[in-house]
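Read-outs throughout are calculated quantities, based only on the coordinates presented, and are distinct from any laboratory measurement. Note that the coordinates shown come from a computational prediction; the quantities given were computed from them, not determined experimentally. Ideal geometry is used to build each Cβ from the backbone, glycine not excepted, and the neighbour counts take in all protein chains shown.
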Amino acid sequence: MSVVHVAFNDKSYDVKIDNNLHTQIGSEVASVWTPRKIAILTDSNVGPLYLADTQVQLENAGFEVLPLVVPAGEQSKSLVVAGDLIGQLAAHGFTRGDGLIALGGGVVGDLGGVVASLYMRGIAFIQIATSLTAQVDSSVGGKTAVNLGQTKNIAGSFYQPDLVLVDSTYLDTLSKRDLVEGYGEVVKTSALDSLDFFAYTGQIKSVSDIYQHAQELSQRSIAYKAKIVMADEKESGQRQFLNFGHTLGHAIELLAHGGLRHGEAVAIGMIAITEKFERDGVSPKGLTEAIRTRLVAVGLPTTSEFIGQPEFFNHLINDKKNHGGTLNLVALSAVGKPIIFKKNVTDMPAFIEQN
């Protein structure tokens, strides 16, 4: 088992990575929580596969379990759904001493974190990550949020879990597309982290390679993210590096209206932003192609017709990373050397459209 320890001034927890964790949920949760009521939040894709077994394991460990299932997909990341879930916790008599487990991918993790942080001003929270996106990125670091209208992740909180469990056998039931979209975040992290990790992703030549190396990819990705978030929990400094590809990617994702997965949009965003910074001499020549090669190898998209459309720039204006008209864009001066490049929102059309 690999363990990545995440520690802040007032909170610490372990991210445990092992392919047998799906059989040890009861004992793992009991190692950090005393007997209590637990809500298991999952979605309509994950629930039929893993909810019943997870519930049995927790009940056998002495917990009282309330299953909560939401429709799969980004539409469940809303204040309306969060409010409904909070109402269900109240109806079942949950107190501040009880807990919530998010069993699922990034959407369930985000939604669960928001609900746990809001209910009675905060109840205990654990993540069991079942998607590659969650296993390499979203389950760690405490950023939780829901969407509002056409603005992604606009309402949320920083709320750290008590434990994160990562078991790559959960990936076996993902569709190929849902697996591959998470690899977009892996490539992002490898480019941010080091030449060593970037070389490692350069060895991933197929979807089957992702399965084969999933545990190592999770460990490396989470280790980097943990290092960053421990140094900057509330995203006032270097945690912004993790937004590499996301500012443009979020705009593309919203314009696609469900036609693109998050990791697919991030992949496109990474290529688009790196092309521009390479053109301007901020990033080294050849970096865009090196990133593109890693994405194309597993079938991730790298272009979008939405880039440069008027609605695209409108979404940049409404991005939560717009600070008084200035976007903090993430560039790579080299692999493993991210920098923040400030760009006025009004200058973005010229920055994007210039050849």
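A Cβ-based charge dipole, computed about the Cα centre of the stretch 2-173 with Lys and Arg at +1 and Asp and Glu at -1, lands at about 520 debye. Taken about its Cα centre, the chain carries a charge dipole of roughly 680 debye when the Cβ of each Lys and Arg holds +1 and the Cβ of each Asp and Glu holds -1.
Using just its DSSP H runs of length 4 or more, each adding -39500 (n - 2.57), the chain gives a mean residue ellipticity at 222 nm of -12000 deg cm²/dmol after division by all residues. The stretch between residue 10 and residue 177, if pulled fully straight at 0.36 nm per residue, gains 56.3 nm over its current Cα-Cα span. Of the residues 257, 236, 174, the one whose Cα sits farthest towards the positive end of the charge dipole of the chain is 236 (charges of +1 on Lys and Arg Cβ, -1 on Asp and Glu Cβ, taken about the Cα centre). Simple point charges give the picture: +1 on the Cβ of Lys and Arg, -1 on the Cβ of Asp and Glu, and for the stretch 176-353 a dipole about the Cα centre of about 300 debye. Taken over the chain, the alpha-carbon convex hull comes to 120 cubic angstrom per residue. In this structure, the residue pairs whose Cα-Cα separation is over 26 Å, taken from 176/337; 16/234; 11/37; 143/285; 205/342; 152/188, are 176/337; 143/285; 205/342. Axis angle, to the nearest 10 degrees, between helix 79-91 and the longest C-alpha principal axis of the chain: 10 degrees.
Computed extension gain for residue 227 through residue 296, at 0.36 nm per residue and net of the alpha carbon distance, reaches 22.0 nm. Within the listed set 246, 262, 323, the Gaussian network model of the chain (springs between alpha-carbon atoms below 10 Å) gives the highest mean-square fluctuation for 323.
Between residue 211 and residue 347, full extension at 0.36 nm per residue minus the direct alpha carbon distance yields a gain of 44.8 nm.
Compared with the dominant Cα axis of the chain, that is its longest principal axis, helix 287-296 is turned about 50°. Taking the C-alpha atoms only, the angle from helix 214-231 to the longest principal axis of the chain is near 80 degrees. Shape analysis of the stretch 153-244 yields a ratio of the Cα radius of gyration to the Kirkwood radius, Rg/Rh, of 0.98.
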